[in-house]
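What follows is a set of notes on a single structure, which appears directly below.
The values are calculated or read from the model by the stated rules, or taken from the named source; none is laboratory data. None of the values given here were measured: they were computed from a predicted structure. In this analysis, Cβ positions are derived from the backbone assuming ideal geometry, glycine residues included, and neighbour counts consider all displayed protein chains. Note: accessible area is taken over every heavy atom of the protein model, side chains too, but ligands, DNA and RNA are not part of it. Shrake-Rupley method; radii C 1.70, N 1.55, O 1.52, S 1.80 Å.
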Amino acid sequence: MIDSLDSALPWVALAVVLFWSVGAYNRLVRLRSQAISAFGVLDGRFSRFTALVDDSLKTAQPGAGLASNWAGLQGASTQFEASLRVARRQPLDANAMAALQTAHATMQVWWSRMQEAYFEQRQLMPPSGHSDWTENVRLATHAMAEFNRAVLAHNEAIAQFPALLLARLFGFRPAGCL
């Protein structure tokens, strides 16, 4: 009887390890999918920023004193769009997220400068531009928070022992927050 227990014990241990491994791997995949899905929502909000800049550039006629600000906003928007394209291909890449975060902050600064410049020259932005931008900032902030929560859950899971062994084996890498 003891011999049969001794021979069954390794098989039971192997089955437990196998089932645990499958469960842990599925959890890692689910958390990664949730982070990628959260980025999809954020991508929609970020795409709206570039559309708002494009609309503003098409509809507004900058005065002579605003030309450099318009050029700055246009350049920041172009850089933001390029960073967003890279982030779409690799939504969990820390370097892509850092570049996107920088480009987003730069575009926000140029938008604010345009608002200030128009106010100083007593001109107005296109009527819906400012309110649409403000609403999109609110929605994007919420989407960023959701993305960051998903990324932190993903990063936490791949850092926990013994799941980190599976994470390393299957190439799960820490993701970058915004």
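A few comments on the model shown:
- In the range 66-79, the residue that is modelled with the lowest pLDDT out of those that are under 16 Å from Y118 (Cβ atoms) and open to solvent by 50 Å² or more (accessible area, probe 1.4 Å) is A67.
- Within the range 144-154, the set of residues being touching a residue at least 12 places away in the same chain (Cβ under 8 Å) and surrounded by fewer than 21 Cβ atoms within 10 Å (Cβ to Cβ) comprises M144, E146, N148, R149, L152, A153.
- Contact map, the range 95-111: residues that are under 8 Å from G176 (Cβ atoms) paired with residues that are surrounded by 21 or more Cβ atoms within 10 Å (Cβ to Cβ) and at pLDDT 95 or above, Cβ distance under 6 Å, separation 6+ or inter-chain. Pairs shown: A96/A87.
- Residues that are open to solvent by 40 Å² or more (accessible area, probe 1.4 Å), farther than 26 Å from A167 by Cα and either assigned to a helix (DSSP H, G or I) or aliphatic (A, V, I, L, M) (or both) do not occur anywhere in the range 87-99.
Matching residues to (1) open to solvent by 50 Å² or more (accessible area, probe 1.4 Å); (2) at pLDDT 80 or above; (3) charged (D, E, K, R):
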| residue | (1), (2), (3) |
| --- | --- |
| D3 | yes, no, yes |
| A15 | no, yes, no |
| F19 | yes, yes, no |
| L28 | no, yes, no |
| Q34 | yes, yes, no |
| S37 | yes, yes, no |
| D43 | no, yes, yes |
| A64 | yes, no, no |
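- Subset of the range 155-178 (residues that are part of a loop (DSSP other than H, G, I, E, B) and open to solvent by 20 Å² or more (accessible area, probe 1.4 Å)): Q160, F161, P162, G171, R173, P174, C177, L178
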